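K.L.:
First the structure, then my questions, so here it is.
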Amino acid sequence: MRSFNRQEWAHEPMRESGMWARVGDQIVVAGPTVGESGRDGEIVGLHHPDGTPPYDVRWSDTGRVTVFFPGPDARIKHLTDHGHHTGRGTPRP
């Protein structure tokens, strides 16, 4: 396991231990009960340089931007700058 000095650690993304995102990624939140639809939105702002929550999200159903603290039912779809998905799921239009 790699050790970090304090300065390196402060700039290292916390990708191994939790949720992280970049501006332009999509966030998908499951519906509150089985069979109910969830929500999705585009991450338009970060509050931490390492990409950890909370996020400013523009919701696709309302167009509103809110500060969102994701729970365990939220997933990030990492997208490239060109709109092509880099992992699981559907690319954004």
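The values are calculated or read from the model by the stated rules, or taken from the named source; none is laboratory data. The structure displayed is predicted, hence computed values, not measured ones. Cβ sites come from the backbone with ideal geometry, for glycine too, and all protein chains shown count toward neighbours. Keep in mind that these areas ignore ligands, DNA and RNA; they rest on the heavy atoms of the full protein, side chains included. Shrake-Rupley method; radii C 1.70, N 1.55, O 1.52, S 1.80 Å.
K.L.:
What are the pairs, 6+ residues apart or on separate chains, where a residue within the stretch 16-44 that is over 22 Å from Asp56 (Cβ atoms) has its Cβ under 7 Å from a residue that is open to solvent by 50 Å² or more (accessible area, probe 1.4 Å)?
P.N.:
Listed by first residue and then by second, the contacts come to Gly31/Ser37.
K.L.:
Answer yes or no: is there a residue in the stretch 30-48 that is modelled with pLDDT of 95 or more and in a loop (DSSP other than H, G, I, E, B).
P.N.:
Yes, there is a match, as at least one residue in the stretch 30-48 is modelled with pLDDT of 95 or more and in a loop (DSSP other than H, G, I, E, B).
K.L.:
Give me the pairs: first residue in the stretch 58-87 and at pLDDT 95 or above and of a type in the set (Val, Ile, Thr), second residue open to solvent by less than 40 Å² (accessible area, probe 1.4 Å) and not in a strand (DSSP E or B), beta-carbon distance under 7 Å, and six or more apart or on different chains, which are they?
P.N.:
So the pair list comes out as Val67/Pro54; Ile76/Ala21; Ile76/Asp25.
K.L.:
I'm checking my understanding of the structure. Among residues of the stretch 53-73 that are over 16 Å from Gly38 (Cα atoms) and either in contact with a Gly (Cβ under 8 Å, 6 or more places away or on another chain) or of a type in the set (A, V, I, L, M, F, W, C) (or both), which one is surrounded by the most Cβ atoms within 10 Å (Cβ to Cβ)?
P.N.:
Among those that are over 16 Å from Gly38 (Cα atoms) and either in contact with a Gly (Cβ under 8 Å, 6 or more places away or on another chain) or of a type in the set (A, V, I, L, M, F, W, C) (or both), it is Tyr55.
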